[in-house]
Amino acid sequence: MHDLPYWRLSGYYFFYFAFIGAFSPYFGLYLQSLSFSAWDIGLLMSQMQLMRLCAPYLWGALADRLGQRVRIVRLAALLSLLGFSAFFAVHSFAAMLVAMAVLAFFWSAALPLVETVTFDHLRDEPGRYSRIRVWGSVGFIVAVMGTGALLDSTSLSMLLWVIIGTLVGILVYALLVPEVASHGSADAPVPVATILRQARVRALFAACFLMSAAHGALYVFYSIHLAAHHYSKFLVGCLWSLGVLAEIGVFLCMAAVLHRLGLRVILLISFAAAVLRFLMIGWGVEWLLVVVLAQILHGLTFGAYHAAAIAAVNRWFPGRCQARGQALYSSISFGAGGLLGSLLSGWTWERLGAGLTYTLSSAFAAAGLFCVLFWVKRSDLDEVGEKSSLLSVRQNHGRSCP
């Protein structure tokens, strides 16, 4: 009987997503406090998406060649910690850009490998994945709310120490997670180029690219937008946490919703919700109720959308090319789409203002809605409801190419 290292894996997820909870909502505010422009902030923060575009493939190929996934995860954790430590010593834009690129290159390498290690530990019980991954959501919520409360009573420079603490936690648990033999499929690989020539696949990937581009302004400027309208940092943290709670709620009920509506309808609802959500954020920030409702829509614009997209890719990229399909999904959407959204929002924020920047986000979501509406048929997705597809909705997110 295989002994599942439950707490060691859960601890890694806790600190990995705690890093995101401390970094994503507040590091833009820290950069703003150093008098960087919106374009500079957008460019610096975009390094996380830029490195996500290529680093997982490079590290995944190295892991496949060496067969040492956990050692690479440990190395990535150490170098991520060292890379971020540079922020204590550097303050010029050029130096911070290099430090951010180093951090992003090594940090983005780890999660895809940890995901594969986790599922190899689970073996024939992938349904238990959610019990481990939920600690990542807990870590995010603890970090985002705790950091917000802390920064309300101390200087923004304390953020660096909070983030260092999460990176140390990642390193500690990376050292504790044991390696395990791979249990990959032995099926012959399907030519990915053949799959990509299908109109439905290109349309879905285009829609995913647009959805991530739509979220660019949210991930870079949302906290800055709220702070400019006199929201406390603790309240900012609560609003970020509300979005994650909505996401968790959607995942818990996704199986029942899928059975009733089907994947295509879920995708259409998710994109329509994104169109509305970004207009609410851009033009309704003065009203707390509007902001709260917009954050609850995160359950659709990320949770339901991501679940449906993962399930569709799982179906269209069968066998051993499934990991390549998920890697393409991650790179095209979170990598390329997120990069475009971050850079474009950095350019428009000071020139056009928050309202028009988030209106542009809404337009991206509307374009994605049309991609699904006109080029992805219900018959393409009707059968995507097999039990494993949504039990392991995050299983293949960020996996490396075999």
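Taken together, the values in this text are just the output of simple stated rules run on the coordinates, not laboratory data. Fair warning: this is a prediction, and the values are worked out from it, not measured in the lab. Heads up, the Cβs are rebuilt from the backbone with ideal geometry, glycines too, and the neighbour counts pull from every protein chain shown.
Using the empirical formula 2.2 N^0.38 Å as the baseline, the Cα radius of gyration of the chain reaches a ratio of 0.93. Ordering Leu288, Gly303, Trp349 by Cα displacement along the dipole of region 229-363 toward the positive end leaves Gly303 in first place; charges were set at the Cβ atoms of Lys, Arg (+1) and Asp, Glu (-1). Note on the chain: with a GNM built from Cα contacts shorter than 10 Å, the maximum mean-square fluctuation among Ala354, Ala227, Ala181 falls on Ala181. For region 1-180, the fraction of alpha-carbon pairs lying more than 20 Å apart is 54 percent, rounded to a whole number. Seen from a random direction on average, the alpha-carbon convex hull of region 240-297 projects onto 4.0 square nanometres.
Remark on Ser232: its backbone amide H falls under 5 Å from none of the residues 5 or more positions apart or on other chains, H modelled at 1.01 Å from N.
Using Stokes-Einstein with the Kirkwood hydrodynamic radius over Cα pairs, what translational diffusion coefficient do you get for region 189-391 at 4 °C and a viscosity of 1.567 mPa s, in µm²/s rounded to a whole number?
This corresponds to a translational diffusion coefficient of 75 µm²/s.
When the helices of the chain are scored as -39500 (n - 2.57) per DSSP H run of n ≥ 4 and the total is divided over every residue, the value at 222 nm lands at -25500 deg cm²/dmol. Summing Cβ point charges (Lys, Arg +1; Asp, Glu -1) relative to the Cα centre of the chain gives a dipole of roughly 640 debye.
Of Val275, Val98, Val73, the residue with the greatest mean-square motion in the GNM of the chain, using alpha carbon springs below 10 Å, is Val98. R0 = 25 Å: FRET efficiency of Ser85 with Glu350, Cβ-based, nearest 0.05? Efficiency for this residue pair is about 0.25.
What is region 19-140's relative contact order, in percent, from Cα pairs under 8 angstrom and six or more apart in sequence? With pairs under 8 Å counted, the relative contact order is 33 percent.
Contact order for the chain, expressed relative to its length and based on alpha carbon pairs under 8 Å spaced 6+ residues apart, stands at 29 percent. Think of region 189-391 as a dipole: +1 on every Lys or Arg Cβ, -1 on every Asp or Glu Cβ, centred on the Cα centre; then among His229, Leu242, Ile195, Ile195 lies furthest on the positive end. Look at the dipole of the chain built from charges on Cβ: of Ile132, Phe374, Ala217, the Cα furthest out on the positive end belongs to Phe374.
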